[in-house]
Each structure stands twice: as C-alpha cells, then as structure tokens.
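What follows is a short report on a single structure.
The values are calculated or read from the model by the stated rules, or taken from the named source; none is laboratory data. If you're wondering where the values come from, they're calculated on a predicted model, not measured in any experiment. Cβ sites come from the backbone with ideal geometry, for glycine too, and all protein chains shown count toward neighbours.
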Ligand SMILES: NC(=O)c1ccc[n+]([C@@H]2O[C@H](COP(=O)([O-])OP(=O)(O)OC[C@H]3O[C@@H](n4cnc5c(N)ncnc54)[C@H](O)[C@@H]3O)[C@@H](O)[C@H]2O)c1
C-alpha cells in the first residue's frame, strides 16, 4: 500500500486528490498551512470529510519552516510526495513578489531537503502552463522554450522545475513535473475566473470581459487532472531514473467570451457583461499538447467544457442552498 504525502492538501486540487487517493486504498498524509490567499474556512471545509477517514493524517504546517517539517513529520515516511502547496494566484505575484519567491521556491527546496534527509525519492511537482508565457507555438509542447515567463508566479514554477532537476541529477530523485492548465470544478479556488464569474452571474452583476474576450484558456476539469496525477503516481512508482515533464491540459482552448456565454446558458440567466481593459500578465492563449502524457501516462481527459460547467454550476447552487 502506498503512503503518499500531499502538500497543499486543503486546497482545491489537493483536497480532490486526497479524496481520490483514499478511495483507491492509499494512506494519505495531508499538509497545509491555510495560506491566507483565500479563506481558511473554505479550506477547512474542503477537508472536513477527509478528516473523518482513519487513513488520512493531517498536519497544519508551513513548508517554509524547515525545522517544523523536521519535527512534526519525524514519524512519517511516505514513499511518494505530491507537492501542490504554493501561493497560486498569478496576478498577485506581481505586487507580492518576494513572498511568492520565498513560499514557492524556498518552500519547495525545504521539502526536497526533507525528502533527501529521509531517503524519500519519488517526487511529483505541480507546475503550470504559465511557464510557456506568450509562446508563439500553440499547442504548447513540453519541449518548447520556457525562458520567457510573464509573471513572478510563472518564474517560481520554472525555477522549481530546474531545482527538481538538480535533485534528480545530484541525489538520484525520481521527479515528474506536471504542468496544469486552468483547472476548474467543484471547490475551485475563489480567485479563478469561472468561480468569480458564477458568483457575479448569480448576484445579477455584470461579468468583466478583458479586452475583446478572445484570450483563450485550456480549461481542464478537476477529475481529469486528478486522474492524470494518479497516473503519474503509478508511473513514478513503477520506474526509476525518472525526470520528466508532462502537460495535463485538455487540448481544447475556450475563448473568454465563449466561456462567459456558455456559463450564462448553463445557469439559465440573461447575458450581462462589460468589456474592460486587458490585464498585464495575462497570457493570450493556453493550449496543451497532451500527446506525451497520453502515450507515457495513459492520460485522457474526458470532460467537455459544457459538461464540466454544468457540474460546477450544480455544486455552486448546492453551496448557496440555505438547507445545507
Ligand atoms: N488551479 C489551477 O488552475 C492551477 C493551474 C496551474 C498550476 N496550479 C498549481 O497547482 C497547485 C494547487 O493549486 P490549487 O488551485 O489547488 O491552489 P490552492 O491555493 O487551492 O491550493 C494550494 C494550497 O497550498 C497551501 N499552501 C500555500 N503555501 C503553503 C506553505 N508554505 N506551506 C503549506 N501549505 C501551503 C495553501 O494554503 C493552499 O491550501 C499549486 O501549486 C498551483 O500553483 C494550479
């Protein structure tokens, strides 16, 4: 049986991943510091059910505090670490750069050091499509140049991929970097577009469309992302000498205006949006070439955007229900 440490376990992707891992019979150690980027209450709610599961152990812990890692996890020896903890808001990293550098890069370094000292050598890292910047080539391939990230957030993800390679090369750690592409679904981060839009739609307030609304994102439904992470766990478990990077996207970019229109249609509300100036740091398009993840991991996202939006809207409505 696997014992898997998931950092960022109380977050959006982390809580879904822990739930799926537990369902598959794994032991899961969750770690999170309830970073104030969004409400602690939301994160506590994300893991409420997990805390009832005897195969789940949770630590409220900051990966930036190396001694806390050493002390608190001294009795834990997972065989695989899935590292999702990060300051994840892209635009906030422009005004709050230092804390992103510390949290995302030093935090990752601490975790790698903790693993090295404890002889744990299977590491899966949450990277991001943002490393591609405004790449001229679409869809993005893992072999594309990633030397022009647009934001400090993207820079931290690229830096961690490089640091991970150091640990692979020097300490023979097996590493997989997973580049996620705009993940959405129930309990999605409240700062992300789909979640912000649905709140406005239900409040009867206008949705802001940046620029002409032709920027496009390769939205990936959470269940597809989680399946991809679990396939990566299987792959890293069964192979040695691994250093690899995979796009976990959907290969179907959706333009912003089309997304908003679909959301009004799914929510059965009258369209109400305004065009505003584009934001600095926004990529024009993201689109994953997923052929490598398909052939090596067996990754095959299967949730069309209309279906995913329906599932998300259903979850959102349940959250609004006074009976809950
Ligand atoms: N959601 C997406 O669309 C997306 C896209 C690309 C990459 N990613 C990456 O995937 C990962 C998970 O994203 P998410 O959307 O679930 O974000 P999230 O903010 O919901 O989850 C991240 C969790 O990490 C925790 N955390 C932050 N700093 C920490 C620290 N120092 N110590 C311990 N815990 C800490 C936070 O409290 C949070 O619960 C992140 O690394 C993010 O950068 C997400």
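General remarks:
- Single condition residue 188 does not satisfy, out of (1) more than 10 Å from the ligand (Cβ to nearest atom); (2) at pLDDT 95 or above; (3) crowded, with 19+ Cβ neighbours inside 10 Å: (1)
- Counting only residues that are in a loop (DSSP other than H, G, I, E, B) and surrounded by fewer than 15 Cβ atoms within 10 Å (Cβ to Cβ), region 168-177 holds 1 of them.
- Test: residue in region 52-67 that is without any contact (Cβ under 8 Å) to a residue 24 or more places away in the chain, more than 20 Å from residue 189 (Cα to Cα) and more than 14 Å from the ligand (Cβ to nearest atom): yes
- Each residue in region 1-22 was checked for being part of a loop (DSSP other than H, G, I, E, B), more than 7 Å from the ligand (Cβ to nearest atom) and at pLDDT 95 or above, and 1 of them qualify.
- Leading residue by the ranking (surrounded by the most Cβ atoms within 10 Å (Cβ to Cβ)) among those in region 292-309 that are out of contact with any helix residue (DSSP H, G or I) (no Cβ under 9 Å at 6 or more places or on another chain) and over 18 Å from residue 146 (Cβ atoms): 294
- Among the residues of region 27-39, those that are crowded, with 20+ Cβ neighbours inside 10 Å and touching a strand residue (DSSP E or B) at 6+ places or on another chain (Cβ under 6 Å) comprise 28, 29, 30, 31.
- Where residue 196 falls short, out of the listed (1) within 16 Å of the ligand (Cβ to nearest atom); (2) free of Cβ contacts under 8 Å to residues at least 24 places away in the same chain; (3) farther than 29 Å from residue 102 by Cα: (3)
- Scan region 310-322 for residues that are surrounded by fewer than 22 Cβ atoms within 10 Å (Cβ to Cβ) and touching a strand residue (DSSP E or B) at 6+ places or on another chain (Cβ under 8 Å) and the total you get is 1.
- So residue 243, is it surrounded by fewer than 18 Cβ atoms within 10 Å (Cβ to Cβ) and either in contact with a helix residue (DSSP H, G or I) (Cβ under 9 Å, 6 or more places away or on another chain) or over 21 Å from residue 187 (Cα atoms) (or both): yes
- When the residues of region 23-44 are filtered to those that are in a loop (DSSP other than H, G, I, E, B) and closer than 21 Å to residue 104 by Cβ, the one that is farthest from the ligand (Cβ to nearest atom) is 39.
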